[in-house]
1. Kindly state, to the nearest 0.05, the FRET efficiency for HIS60 paired with GLN163, given R0 = 30 Å and r defined as their beta-carbon distance.
2. How far is it, in nm, from the label point at SER83 to the one at ALA118 when both lie 7 Å from their Cα along the line to the Cβ?
3. If I compute solvent accessible area with a 1.4 Å probe over the protein chains, what percent of it on region 84-191 is carbon and sulfur?
4. Report, as a whole number in µm² per second, the diffusion coefficient that Stokes-Einstein gives for region 117-202 at 4 °C and 1.567 mPa s using the Kirkwood radius over alpha carbon pairs.
5. To the nearest 10 degrees, how steep is helix 109-122 against the longest Cα principal axis of the chain, on a 0 to 90 scale?
6. Any idea of ASP21's accessible area? Nearest 10 Å², probe 1.4 Å.
7. Where does helix 12-22 land angle-wise versus the long Cα axis of the chain, in degrees 0 to 90, nearest 10?
8. Using only the alpha-carbon atoms, what does the chain span along each of its principal axes? Please give whole angstrom values in decreasing order.
Amino acid sequence: LAAWCLTAMADPLADTQARFDALHGYQVTLRSADAAGTRQVIRYFYRKPGWVRMEFEQPHRGAVLIYASDSRRVRLWPFGAGSWPELDLAPDNPLLRDSSGHRVDRSDLGALLANIRALRERGSAAPPSDTALDGRPATLLDIRGAAGDGTGRVQRYRVWLAQDLGLPLRVDSFAAAGALIESVDMGDLRVDGPLPERFFTP
């Protein structure tokens, strides 16, 4: 146990991965802004092995999207779940991609952590530092890819990890020239909370 604790302290990202691996699901309000100032607010729900539900507040207020991990299809209700029309789409459909190119089937914390770890493996990371975000104790990670190498077009991540949950509170991504690509706030993240029956299969 002592050895595990020392490893987790030395590598907060490994601890974050272990905590994600141990959870069954989570819910969070994603509040994001890109370099152009475009803002999104999405209530996001995830259940392993990959079920996703998004309820949009900004933009497209009222729209609901569900990704079924068994069929690998997306159901989209532009005007609310159960209303007409109901669209059946592939997860790579251009209608489902945002300005940063995110795909619904690769939108969960596990996919984000994989991208961050891949960038670190090919680049470098500053020593983690203790800080606070909105008054909440956090650990700040600053990870940079090697020159000319990034995860997609992301060349740098700044990640604030909640010291109680060990999971991200906020993630900022940057391009090679240092310009901000996107900032995503996840401050209300809740793990393994109860959800209504058939929440992902209405």
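1. The value I calculate is 0.30.
2. Taking the simple label geometry, SER83 and ALA118 are separated by 3.7 nm.
3. On the way: 2740 of 5490 Å².
Roughly 50 percent, rounded to a whole number.
4. Answer from the Stokes-Einstein relation: 90 µm²/s.
5. 40 degrees
6. Roll a 1.4 Å probe over it and ASP21 shows about 100 Å².
7. With rounding to tens, the tilt is 40 degrees.
8. 52, 41, 32
The values are calculated or read from the model by the stated rules, or taken from the named source; none is laboratory data. Quick caveat: nothing in here was measured; it's all calculated off a predicted structure. Cβ: placed from backbone, ideal geometry, glycine included. Neighbour counts: every protein chain shown. What goes into the accessible areas is simple: the full protein's heavy atoms, side chains included, and nothing from ligands, DNA or RNA. Shrake-Rupley method; radii C 1.70, N 1.55, O 1.52, S 1.80 Å.
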